[in-house]
Amino acid sequence: MNRHPPDNAPPARCRICGKPVDPDAKTFPFCSDRCRTMDLAKWADGSYTISRPIEEADLDEGE
């Protein structure tokens, strides 16, 4: 998978703190292990939720 944006695209930003992230970073799309862990914690404590129930059509989209 190519994570490099086109030359005219803005730099990728960390989803937690907003710092620029190198697409080749081992923590991509996060700037650090700390931000990656914070994101995981948000899923674990219920801060993030799926907006609607998953339907059969959603499962078929990936094929």
Inset, instruction - Output the residue which, of all residues in the range 39-62 that are in a loop (DSSP other than H, G, I, E, B) and among the acidic types (Asp, Glu), is farthest from Arg15 (Cα to Cα). - result: Glu55
Legend entry - Residue, modelled with the highest pLDDT, within the range 3-26, restricted to residues that are loosely packed, with under 10 Cβ neighbours inside 10 Å and under 15 Å from the mean Cα position of the chain (by Cα): Lys26
Legend entry - Test: residue in the range 46-62 that is modelled with pLDDT of 95 or more and among the aromatic types (Phe, Trp, Tyr): no
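Being of a type in the set (D, E, K, R) and either touching a residue at least 12 places away in the same chain (Cβ under 8 Å) or part of a loop (DSSP other than H, G, I, E, B) (or both) is the filter here, so list the residues in the range 22-35 that pass it. Show your work before the answer.
As a first pass, look at the range 22-35 and keep what is of a type in the set (D, E, K, R): 22, 24, 26, 33-34.
Across the range 22-35, the qualifying residues are Asp22, Asp24, Lys26.
The values are calculated or read from the model by the stated rules, or taken from the named source; none is laboratory data. Here the structure is a predicted model, which is why all the values come from computation and not from measurement. FYI the Cβ positions are ideal-geometry reconstructions off the backbone, even for glycines, and counts take in every protein chain you see.
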